[in-house]
1. Which of Lys74/Lys313; Lys26/Lys345; Lys26/Lys76; Lys10/Lys323; Lys10/Lys345; Lys264/Lys323 have a Cα-Cα distance over 27 Å?
2. Highest GNM mean-square fluctuation, the chain, Cα pairs closer than 10 Å: which of Ser286, Ser224, Ser106?
3. Taking other Cβ within 10 Å of each residue's Cβ, how do Met153, Met326 sort, fewest first?
4. Report the charge-dipole magnitude of region 5-55 in Debye, nearest 20, computed about the Cα centre from +1 at each Lys and Arg Cβ and -1 at each Asp and Glu Cβ.
5. About the Cα centre, and with charges only on the beta carbon of Lys, Arg (+1) and Asp, Glu (-1), how big is the dipole of the chain? Nearest 20 debye, please.
6. For a protection proxy built on the mean count of beta-carbon atoms within 10 angstrom, sort 60-71, 40-51, 247-258, 171-182 highest first, please.
7. Give the long-range amide H neighbours of Ala152: residues separated by 5 or more places, or on another chain, with amide H under 5 Å away, using H modelled in the peptide plane at 1.01 Å from N.
8. Using the Karplus equation 6.51 cos²θ - 1.76 cosθ + 1.60 (θ = phi - 60°), what ³J(HN,Hα) coupling, rounded to whole Hz, does each residue of region 157-166 give in order, writing x for Gly and Pro?
Amino acid sequence: MEDRDIHLRKLEHILICNHCEVEYRKDTLFNAVELIHRGVPNCNLEEIDTTTDLFGKKLEAPLIVTGITGGHPKAKEINRNIAEAVEELNLGMGVGSQRAGILDSSVEDTYRVVRDYDIPLVIGNLGAVNFIEDRWNEETIERAIEMIDGDAMAIHFNPLQEAIQPEGDTNFKGVDILKDIISNYKRKYRDIPFIAKEVGEGFSREDAITLREIGFDGIDVAGSGGTSWAMVEYYRIKDREFREFSKRFLDWGIPTAVSLLYVKDVFPGTIIASGGIRSGIDMAKSIALGAHCCGVALPVLRAALRGSREVVKILERMIRELKTTMFLVGCEDIEALRKAKYVIKGELREWLDVKTVL
Ligand SMILES: Cc1cc2nc3c(=O)[nH]c(=O)nc-3n(C[C@H](O)[C@H](O)[C@H](O)COP(=O)(O)O)c2cc1C
């Protein structure tokens with residue numbers, strides 16, 4: 001694909017996400033989780049401590065903005081607005097896929113802009129499929145990390161998005177080459193954490209076992225219930241037949257709460273819950289179910305198009321809701337929240353009945 005086409009596609013994604021209804025019709029299934037209210041919380045709301053450690057970095061709350069964009073002029077403004085907000089709130093952020101910057105150094109500055117800010121955790125982003133299709137290696141990772149002065153690298157897995165795009169890269173066979181590439185990178189350059197990241201359809205237990213064996217330090221489940229790539233591509237694709245094709249996959253994916261519980265069963269590393277995380281209550285439920293941190297994209301993207309103050313407002317609201325929820329379940333800090341009691345209801349129970357096949 002031409003560089004210019006990648007830039008255009010990225011911009012189309014932003015515009016569609018800003019103007020159209022792109023979220024799943026189905027739920028994350030956090031609605032099927034209830035934390036047990038404490039009428040006698042025995043703690044002081046004012047003293048609730050949301051600080052947490054993620055990959056050795058201290059964050060004000062277990063919240064990061066996950067990878068969204070890069071590669072076109074609008075992306076620079078979006079990344080700047082997100083960076084300014086997460087610097088102010090002391091949270092983490094990821095940039096969007098850095099493929100455009102790897103292929104065309106003239107757009108590197110759209111990612112590089114995050115280096116101007118003092119952010120505790122900056123996460124790079126490359127696509128798993130490109131390590132196969134474009135024969136990327138540890139040098140590619142180093143270029144991406146240098147571009148943003150990154151502290152961690154997310155490798156995204158987006159099979160649904162690639163499969164429903166007329167121009168998609170669909171050869172995921174042999175992703176285990178990442179095992180050598182990651183260990184070579186750590187040996188030759190530096191020992192940063194690697195995160196396997198879905199983009200909105202979630203990972204299964206079997207996936208988490210594979211990712212564990214490849215040597216990932218963390219998994220961002222990015223399950224379904226938030227941004228739906230079938231929906232985004234549906235609006236973008238001009239060809240009528242392809243549009244109808246993508247429409248059939250609108251409800252495809254593992255709900256975020258399910259994916260989180262699947263991954264937690266078999267993955268010993270750091271777990272990030274994302275995909276449809278829209279409130280501090282979703283965050284508290286994620287942490288109680290086993291996540292170390294939560295991630296959010298779509299609402300932040302929409303806010304970032306209006307300026308960094310809007311991003312601060314959204315993230316502050318989520319942290320305030322998290323604090324209130326922690327108070328209501330009697331948990332003074334994140335460690336206590338990880339042990340909070342919960343009930344699992346209805347459809348979520350059915351998903352949990354499925355046994356691992358490996
Ligand atoms: C416009 C847009 C672009 C995205 N681009 C990337 C990307 O380049 N790399 C990636 O790993 N995820 C990307 N994502 C996925 C998000 O990081 C996130 O996993 C997903 O949107 C689910 O979270 P949400 O429901 O809070 O939006 C993108 C999301 C949006 C909305």
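1. Lys26/Lys76; Lys10/Lys323; Lys10/Lys345
2. Answer for the Gaussian network model of the chain: Ser106.
3. On the way: Met153 24, Met326 27.
Ranked by crowding around the Cβ, least crowded first: Met153, Met326.
4. Details: 5 positive and 10 negative charges, 56 e Å.
Rounded to the nearest 20 debye, it is 280 debye.
5. My answer is approximately 640 debye.
6. Numbers: 60-71: 26.3, 40-51: 12.5, 247-258: 21.3, 171-182: 14.5.
The most tightly packed comes first, giving 60-71, 247-258, 171-182, 40-51.
7. Amide H neighbours of Ala152: Val122, Gly124.
8. After applying 6.51 cos²θ - 1.76 cosθ + 1.60, I find 10, 9, x, 5, 4, 5, 5, 9, 8, x Hz.
Any read-out appearing in this document is the output of simple, stated calculations on the displayed coordinates, not a laboratory observation. Source: prediction; values computed, not measured. Note that each Cβ is placed from the backbone with ideal geometry, even for glycine, and that neighbours are counted across all protein chains shown.
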